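A quick write-up on the structure given underneath.
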Amino acid sequence: MTVQALNKGIKAVAFSRDGTLNHNPSTSQKYILRPEDLHLLPGVAEAVWAVRRAGLLPFVFSQQSCVGEGLITHKELRIIHGQMQQMLGEDARIEKFYYCPHTQAEECSCRKPLPGMLLQMMKDYNLEPDEILVIGDSARDFSAAKSIGARFVLTAPEQWEVVSALGSDSLEVPAYADVHVAVLAELQNISLSLPWATAKHHPTSAVAI
C-alpha cells in the first residue's frame with residue numbers, strides 16, 4: 001500500500017512519542033525511565049489541543065523496549081504516560097497510548113516499522129487507514145504508516161533524506177519544523193475551520209487519569 005492523499009475523512013491523529021511530543025532521552029540514557037525525565041517539546045500541548053478542538057482523536061504509538069529489557073515495568077510506564085497527560089492538560093488529553101514493550105529479539109508484530117500498534121488502534125476504534133494521520137520523526141514511523149496506507153508527515157526535517165531513501169512514494173512526505181506547525185498545516189489542508197488557530201490558548205494544567 002502507498003500513503004494515501006489527505007482527505008476530509010481524517011478522524012484520528014497518531015503521534016509518535018519520543019522526538020515528536022517530548023524530547024528524546026539524554027545521551028547518557030537510552031530511554032525515559034522516570035516521570036521527571038519527561039519534557040514536552042515546544043507547542044506540543046497546543047498541537048494536541050488543536051487536534052481535539054477539530055473533533056479528531058489524538059493517540060500515541062510508541063516503541064518502549066525498556067519494558068522488555070526489564071528496565072521499567074508496565075505500571076511505571078503508565079505513570080510516565082500519566083505525567084504526560086498532566087502536562088498536556090484536560091483539553092489536550094491523549095485518547096489512548098499504544099506502546100510496544102518488546103525487544104527486537106522477540107520478533108513481535110507491533111515493533112516499528114511493523115504496523116501492529118496502528119492496526120490495534122484501527123480495530124479498537126473502528127478506523128480505516130485513510131481516516132488516520134500519522135505524525136512522527138523517523139523512518140520507522142513512516143514505514144508503519146505506509147504499510148497500512150495511512151498518511152504520514154515528518155516532524156524532523158533532518159530525517160527527510162533517511163525517509164526519502166525508503167522509496168519513491170516517500171518523496172512527497174511533508175516535513176515540518178515541529179509538531180505544532182505540522183498539526184496546524186495539516187488541519188488547514190483538510191479544510192477544517194480554524195478561527196482559533198492563531199489565538200493564544202493555555203490548556204488546563206491537570207487531567208484525571
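The values are calculated or read from the model by the stated rules, or taken from the named source; none is laboratory data. Please read these numbers as outputs of a predicted model, since none were measured by experiment. Note that each Cβ is placed from the backbone with ideal geometry, even for glycine, and that neighbours are counted across all protein chains shown.
Rundown of residues vs (1) buried (at least 19 other Cβ atoms within 10 Å of the Cβ); (2) assigned to a loop (DSSP other than H, G, I, E, B); (3) among the aromatic types (Phe, Trp, Tyr); (4) at positive phi, yes/no style:
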| site | (1), (2), (3), (4) |
| --- | --- |
| Ser28 | no, yes, no, no |
| Ile32 | yes, yes, no, no |
| Glu36 | no, no, no, no |
| Ala45 | yes, no, no, no |
| Val60 | yes, no, no, no |
| Tyr99 | yes, no, yes, no |
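Could you grab me the full set of residues in the stretch 72-97 that are surrounded by 15 or more Cβ atoms within 10 Å (Cβ to Cβ) and either in a loop (DSSP other than H, G, I, E, B) or touching a Cys at 6+ places or on another chain (Cβ under 8 Å) (or both)?
Ile72, Leu77, Gly89, Arg93, Ile94, Glu95
Residue under question is Lys112, and the condition is that it be surrounded by 15 or more Cβ atoms within 10 Å (Cβ to Cβ), among the basic types (Lys, Arg), within 16 Å of the chain's Cα centre (by Cα) and within 14 Å of Gln63 (Cα to Cα); does it hold?
Considered against the rule, which asks whether it is surrounded by 15 or more Cβ atoms within 10 Å (Cβ to Cβ), among the basic types (Lys, Arg), within 16 Å of the chain's Cα centre (by Cα) and within 14 Å of Gln63 (Cα to Cα), Lys112 comes out as yes.
In contact with a Gly (Cβ under 6 Å, 6 or more places away or on another chain) and either at pLDDT below 95 or within 26 Å of Pro129 (Cα to Cα) (or both) - does that describe any residue in the stretch 72-86?
Checked against the condition, which is being in contact with a Gly (Cβ under 6 Å, 6 or more places away or on another chain) and either at pLDDT below 95 or within 26 Å of Pro129 (Cα to Cα) (or both), the stretch 72-86 yields no hits at all.
(1) at pLDDT 95 or above; (2) more than 13 Å from Phe15 (Cβ to Cβ): which one isn't true of Glu107, the others all being true?
For Glu107, the exception is condition (1).
Give all pairs with beta carbons closer than 6 Å in which a residue from the stretch 124-140 that is part of a strand (DSSP E or B) meets a residue that is buried (at least 21 other Cβ atoms within 10 Å of the Cβ) and aromatic (Phe, Trp, Tyr); count only pairs at least 6 apart in sequence or on separate chains.
Partner pairs satisfying both residue conditions: Val134/Phe152; Ile135/Phe15.
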